[in-house]
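Below is one structure, written out as C-alpha cells; the observations come after it.
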Amino acid sequence: MFLALLELRAARGRFLLMGSVVVLVAALVGIVSGFTTGLGDDTVSALRRLPASQLAFSSDARSDQFARSLLDRKTAAAWSKDADTGTTPLGVSITRGTTHRGAEVDIAAFGVEPGSFLAPSVTAARSWPTQGRTAW
C-alpha cells in the first residue's frame, strides 16, 4: 500500500489521465446503453401495447421476418380450442411514408378484424383534413 501511494504522488498526472479515461469510457457505455434501450423500446412499443397475452408466429418465420409469418385459420382455431382462449388474426405491414412537409418516416400498419378484442375502440370521431374531402 505504501508503494502504491508513493507511485500516486510521483505520477499524479498519469494517474489523473488514466482515471479520466476510465470515467469517460464508463460514461460512453452508459449513454450507448440508454440509446440502445430507447431504440429497442421504440421498435416494439406497438406490439407491447396490444391487448394480447401471447403472439403466435409460424414455425418457418425468422426472428427478423415476423411480418412474413403466415398462419391459417385451422391452426388458429386449434390453438384457441387447446388454450381455451380467443384468437384473432393480426396483420403487420412495415413501410415508409412522407409527411405533408416532405419528411420521410417509417410506418407500421396493423390490420385487425373489426369487432375482435384487438380492434381499438373509438372514443371520438372527427374529420380528417384532406384536400376538400372528408375521411373518417
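Values for this structure:
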| read-out | value |
| --- | --- |
| Options Leu8, Leu3; residue that is open to solvent by 90 Å² or more (accessible area, probe 1.4 Å) and assigned to a helix (DSSP H, G or I) | Leu3 |
| Of all residues in the range 50-63 being closer than 17 Å to Ile94 by Cα and assigned to a loop (DSSP other than H, G, I, E, B), the one that is modelled with the highest pLDDT | Leu50 |
| Matching residues, the range 108-136, being exposed (fewer than 10 other Cβ atoms within 10 Å of the Cβ) and modelled with pLDDT of 80 or more | Pro114, Gly115 |
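The values are calculated or read from the model by the stated rules, or taken from the named source; none is laboratory data. All values derive from a computational prediction rather than experimental measurement. Quick reminder, even Gly has a Cβ in these numbers, built from the backbone with ideal geometry, and neighbours come from all protein chains shown. With ligands, DNA and RNA removed, areas are computed over all heavy atoms of the protein, side chains included. Shrake-Rupley method; radii C 1.70, N 1.55, O 1.52, S 1.80 Å.
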